[in-house]
Ligand SMILES: Cc1cc2nc3c(=O)[nH]c(=O)nc-3n(C[C@H](O)[C@H](O)[C@H](O)COP(=O)(O)OP(=O)(O)OC[C@H]3O[C@@H](n4cnc5c(N)ncnc54)[C@H](O)[C@@H]3O)c2cc1C
């Protein structure tokens, strides 16, 4: 079972996001990148499949800002066997549709049985690499998946609907699956193991066939203007607590 | 390219999902402004009566046994054929478990632009202006999609449902493409087991998010909830981590609640969470980040540490 996990580096939401001077996108000079959170779930699901049914796991991503190594080393420390990065003279942002194009070319060469990716990435208009990859690779796609079990040349996947309802599908491989959550919470990789990977592991470099991409023009990017805003309660925690309880009592709810 | 607006509707358990009506209502307005038709599309089996419930200019109902349950491959094939045939200016699909399998795929297959996380679509002087909520709702981007047509994944609750409800008679057709040799097979549905409290039936909820930090801290929320006569609910990361059962999850892939009190501790207010609680009667959010999107939705907010406030509330209550 040759499992490929396609991942994406996205701006971290932990820091305040700043818009560029033109107000048309983020100021990418001011952004820290992290692994998209659903891709972390996809890596975990791949490791779980490997443990259950054998196989190799290859993690691949587009190295837009030349800082993907740490993410790849972490994936290796969590159980991936191989790591690859698509390199080129990129300028962020490289949108999901363009990353999907680059990834599809690289993944085709890997002849995978199963391609896993996070169900979405929140950093551009395209939002989802998985279905685009499936269309480009001409493979079936099922997304919003919370469990994958492989046997022979089929995968049984559990897709999640609202309210705890799930649907089971049987998919003939090769296929692309969009992971919402791994069937177990992602494992923790000890820093020592990541360091060891950084010292010993080799990351394959795949030259991008194209380097220049034009992101879809955005007229305006800004913090959303909300119709309303919460009335803010100020003060020390004790005052805040007292005021909140006051509001709740006033409504007769305590 | 036509000036039509195609709406891919969806249904579950024999009933049309609200998001479909929400999109049809807006599609009518947009099609009117663009000089085209708002065409609702429904795929299913034995659903003809439900296909007649839209206020669209026209409805196409594709009936086949292979379309009874959602199957991304079968639905994709049919929709790619319909989109190629109608060549609509705009295709609207829900940003839902169904739409998330189809929208980006359809756009790639048919060579159209794709915009996800859509909270608004307007027609201005013949141009489409699409608003997308990026970065989990922390940024809003306005675009005028280029090229021959665009597929948009529309967030639930973006438009009112009433405007899309009507009685246009659907034209029933057989699938325009063969549905033989599908590689994806629907097997079965699983419904959640009962047994836990029903958070949709509870008046007061104390909802915790990733800000709670660790499993050990869930107890503090439990204590506070108990002291208030409330029940603990959660955002998705908490149930994914197994710190609370799935039955406590609020949001897009969880439950929709409308409690009298929704007290939020350390939840950012991602669109997927808002979908499940924005109609709460009294929403109070505690979050250390003054820019957290939840403050645009909550009635009251405090940029305080949740532990300090929760402990102080407990003390006052005891
Ligand atoms: C298809 C799909 C379906 C989804 N369905 C759901 C769903 O049903 N429900 C759902 O909730 N999510 C859902 N999500 C996930 C959603 O996108 C978000 O990832 C999730 O809602 C974030 O949860 P959170 O707010 O708890 O975490 P975060 O976004 O990480 O927010 C944590 C917040 O805690 C604050 N904080 C940290 N420490 C403290 C402190 N000490 N005191 C006070 N505040 C603190 C931070 O400032 C931050 O705002 C879904 C996603 C997808 C793709």
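The values are calculated or read from the model by the stated rules, or taken from the named source; none is laboratory data. Only a predicted model underlies this, so the values are computations on that prediction, with no experimental measurement involved. Quick reminder, even Gly has a Cβ in these numbers, built from the backbone with ideal geometry, and neighbours come from all protein chains shown.
Find all pairs meeting these conditions: Cβ atoms under 6 angstrom apart; at least six residues apart or on different chains; first residue within the stretch B:119-132 and away from chain A (no Cβ under 12 Å); second residue modelled with pLDDT under 95.
Correct list of pairs: empty, since none qualify.
Take residue A:161 and tell me if it is free of Cβ contacts under 8 Å to residues at least 40 places away in the same chain, more than 22 Å from residue A:13 (Cβ to Cβ) and in contact with a helix residue (DSSP H, G or I) (Cβ under 7 Å, 6 or more places away or on another chain).
Working: free of Cβ contacts under 8 Å to residues at least 40 places away in the same chain: yes; more than 22 Å from residue A:13 (Cβ to Cβ): yes; in contact with a helix residue (DSSP H, G or I) (Cβ under 7 Å, 6 or more places away or on another chain): no.
Judged against the criteria, residue A:161 is not a match.
Anything in the stretch A:7-40 that is more than 16 Å from the ligand (Cβ to nearest atom) and part of a strand (DSSP E or B)? List them, or say none. Spell out how you get there, then give the answer.
The first filter runs over the stretch A:7-40 and keeps only residues more than 16 Å from the ligand (Cβ to nearest atom), leaving A:9, A:18-31, A:33.
Across the stretch A:7-40, the qualifying residues are A:9, A:19, A:26, A:33.
Just a yes or no: is a residue in the stretch B:75-95 at the interface with chain A (Cβ under 9 Å from one of its Cβ atoms) and not in a helix (DSSP H, G or I)?
yes
Condition first: surrounded by 24 or more Cβ atoms within 10 Å (Cβ to Cβ) and not in a strand (DSSP E or B). Now tell me which residues in the stretch B:29-52 satisfy that.
First pass over the stretch B:29-52, keeping only residues surrounded by 24 or more Cβ atoms within 10 Å (Cβ to Cβ): B:31, B:38-43, B:51.
Those that are surrounded by 24 or more Cβ atoms within 10 Å (Cβ to Cβ) and not in a strand (DSSP E or B): B:31, B:51.
Can residue B:107 be described as away from the ligand (no atom under 16 Å from the Cβ) and facing chain A (nearest Cβ under 7 Å)?
Values: away from the ligand (no atom under 16 Å from the Cβ): yes; facing chain A (nearest Cβ under 7 Å): no.
Here the answer is no, as residue B:107 does not meet what is asked.
Could you check the stretch A:199-219 and list, in sequence order, the residues that are farther than 25 Å from residue A:102 by Cα and surrounded by 12 or more Cβ atoms within 10 Å (Cβ to Cβ)? Give the derivation first.
Quick first cut of the stretch A:199-219, residues farther than 25 Å from residue A:102 by Cα only: A:199-200, A:219.
Scanning the stretch A:199-219 gives a single hit, A:219.
Go through the stretch B:153-162 and count every residue that is closer than 16 Å to residue B:29 by Cα and either surrounded by fewer than 17 Cβ atoms within 10 Å (Cβ to Cβ) or in contact with a strand residue (DSSP E or B) (Cβ under 7 Å, 6 or more places away or on another chain) (or both).
Count: 4.
Go through the stretch B:206-219 and give me each residue that's within 13 Å of the ligand (Cβ to nearest atom) and in contact with a strand residue (DSSP E or B) (Cβ under 6 Å, 6 or more places away or on another chain).
First, the residues of the stretch B:206-219 that are within 13 Å of the ligand (Cβ to nearest atom): B:207-214, B:217-218.
Result: B:207, B:208.
Tell me yes or no: at least one residue of the stretch A:106-125 is under 15 Å from residue B:109 (Cβ atoms), in contact with a helix residue (DSSP H, G or I) (Cβ under 6 Å, 6 or more places away or on another chain) and either facing chain B (nearest Cβ under 10 Å) or in a helix (DSSP H, G or I) (or both).
no
Can you pull out every residue in the stretch A:164-174 that is at the interface with chain B (Cβ under 7 Å from one of its Cβ atoms) and either under 18 Å from the mean Cα position of the chain (by Cα) or touching a residue at least 12 places away in the same chain (Cβ under 8 Å) (or both)? Reasoning before the result, please.
We begin by selecting, within the stretch A:164-174, every residue at the interface with chain B (Cβ under 7 Å from one of its Cβ atoms); these are A:164-172.
Selection gives A:166, A:168, A:169, A:170, A:171, A:172.
Tally up the residues in the stretch B:174-212 that are assigned to a strand (DSSP E or B), surrounded by 12 or more Cβ atoms within 10 Å (Cβ to Cβ) and not assigned by TED's automatic domain parsing to the domain that holds residue B:264, please.
Of the stretch B:174-212, the ones assigned to a strand (DSSP E or B) are B:184-190, B:204-208.
Narrowing further to those that are surrounded by 12 or more Cβ atoms within 10 Å (Cβ to Cβ): B:184-187, B:189-190, B:204-208.
Right, trim to not assigned by TED's automatic domain parsing to the domain that holds residue B:264 and you get B:184-187, B:189-190.
Looking only at that region, the number is 6.
Among the residues of the stretch B:137-147, are any buried (at least 21 other Cβ atoms within 10 Å of the Cβ), farther than 28 Å from residue A:226 by Cα, touching a helix residue (DSSP H, G or I) at 6+ places or on another chain (Cβ under 7 Å) and within 10 Å of another protein chain (Cβ to nearest Cβ)?
no
Could you tell me which of the residues B:20, B:56 is crowded, with 18+ Cβ neighbours inside 10 Å and not in a helix (DSSP H, G or I)?
Working: B:20 fails: not in a helix (DSSP H, G or I).
Every option except B:56 fails the conditions.
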